[in-house]
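Beneath this line is the structure, given in structure tokens, with notes to follow.
None of the figures in this text is laboratory data; all of them are computed from the coordinates on show. Remember, predicted model here, so these are calculated numbers, not experimental data. Cβ placement follows ideal geometry from the backbone for every residue including glycine, while neighbour counts extend to all protein chains displayed.
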Amino acid sequence: MQQLTGLDASFLYMETGAQFGHVGSLTLYDSREAREGSLYRALRQTLPERLHLLPPFRRRIVEVPFGLDHPYWIEDPNFDLDFHIRHIAVPPPGTNEQLAELVSHLHSLPLDRSRPLWQAWVIEGLENGQVALYIKVHHCTIDGVSGVEMTSTVLDRTRQGGAVPPVRDRWRPEPIPGDAVMFARGLAGLALQPGKMVRFAIRSARDLPGIAPMLAPFADALGLGRLPWPLGPRRSEQVDAPALPQSAAPRTSFNRSITPHRRFAFITLSLEDARKVRRAFGTTLNDVVMALCAGALRRYLEERGELPEQALVASVPVSVRSANEKATYSNRVTAVIAELATDEPDPVKRLRRIHDSMRAAKEMQEAVPASLLQDFTQFATPALFAQAARIAARLRIADRMRPPFNLIISNVPGPREPLYCAGAQMRTYYPVSAVAEGQGMNITVQSYMDQLDFGVITCRELVSDPWRITRYLGEALEELTKLAAAAGS
């Protein structure tokens, strides 16, 4: 029995009737390359050989009564692989839009907490002889980096496959503990909370100068911006302070209370073209990705007559996973807040402003210990955390206040070499992420070989056509690529 960290458990507490804690991926293959002619049959045969390399696939949640402490993982005594691997097809002609609509529906279904928190769907009937594999896993188990590691474990590095590392320790299922046992564990954990809180307060006081500026946008979002600031001078009062958002983000049509329904769209862009832009203007690849998203969002809002005068603000996840934490299935991530310069019509100036904003955000993030978020969530009371999320959704708080940021934009580095499933090469690797209360759009990109695979997930009622966003992403890259070529000539 292993207890979840506070950060991992927070993805369970955040769930409401409309907000889910799982993330996923959609990968495409040529079904004619698959051994035995069926990706489903091949996956069903090979996956059992790798379960010892995938601990999250056989462990389930056991919660503490009354939310006294964080839940625990146990090895599921009722593990049933057939429950988790499903087989389905789209009707003819099997277009990308039909595939995305099916994934939208599957992604709108919560995972069953009485079983291991993952499911895989082999989707057939696609045009051009393709077959898709959609996998969703709860975020309490993985972050972006560990999700890539999980996919690399499920798949092969060669078309012929390879030897699977042998089982070192025989898997032993655990009995499901009763409520009395878990209640006693909860009381024991509760007794340790005061000590955790004192240690957190001491560390926070020590790191206060670095933390205070990061709280400014959140304080302004709550209407606290004009109150005396007890954590040191505000950013506007500091000398030579890096340019970070000084207030809450502007409201948009997708910054409202969300529903349980989702829309998904995807596109593949050239990684080499993005690198040409990076080299031409002296930025980072992530800056280019952010600029593509900014350009697409600016055009989307401009066409709807909704473009705010103030620049949109993005929350950007940053991995803090060290080299010795590879193959550790948990969350080792923090986030930075950066402006998207959507108020700037010139694409190159917009890119440079994003570069400056991201550099300042990273400097701020480096000034704050990576363990701060883990420390805070570790002593947060689960019952209060979950209740706060439900109350916020019920009262539609997101409709009453400006958001601290408009959306999450995530850039996850993926495999540089091709991966294979049952002999079929993986062609694309589209992320299927999550939206949160008040942020009805998420743009996540996964690099794979020489391409950038974008996945756009939205709340269906707030952004009904994410394909427009993907189309504008492609046009934004085309525009920057032409400008990069002109700058180099």
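Of note:
- When the Cα positions of Pro91, Leu81, Tyr13 are compared along the charge dipole of segment 12-91, Pro91 comes out farthest toward the positive end, with charges on each C-beta of Lys, Arg, Asp and Glu.
- Amide H partners (placed H, <5 Å) of Val333, local residues excluded: Val320
- Semi-axes of the equivalent ellipsoid of segment 82-131 are 24, 12, 6 Å, computed as sqrt(5λ) over the eigenvalues of the C-alpha gyration tensor in descending order.
- Note, ³J(HN,Hα) from phi for segment 400-405, Karplus 6.51, -1.76, 1.60, rounded to Hz, x at Gly and Pro: 10, 9, 6, x, x, 8
- For segment 394-483, the spread of Cα positions along the three principal axes, ordered from largest to smallest, is 51, 39, 22 Å.
- Arg394-Ser464 FRET efficiency (beta carbon distance; Förster radius 22 Å; 0.05 resolution): 0.35
- Cβ-derived FRET efficiency at R0 30 Å, Arg471 paired with Arg113, nearest 0.05: 0.20
- Centroid-to-centroid, using Cα positions, segment 255-293 and segment 96-115 are 23 Å apart.
- Computed FRET value (nearest 0.05) for Thr284 with Ala180, which takes r as the C-beta separation and R₀ as 60 Å: 0.65
- For segment 64-125, a simple Cβ point-charge model (Lys and Arg +1, Asp and Glu -1, everything else neutral) yields a dipole of about 80 debye relative to the Cα centre.
- Percent of C-alpha pairs per 10 Å bin, segment 430-484, short to long: 22, 46, 26, 6
- Label-zone membership for segment 124-152, site Val318, 7 angstrom Cα→C-beta point, backbone N under 11 Å: none
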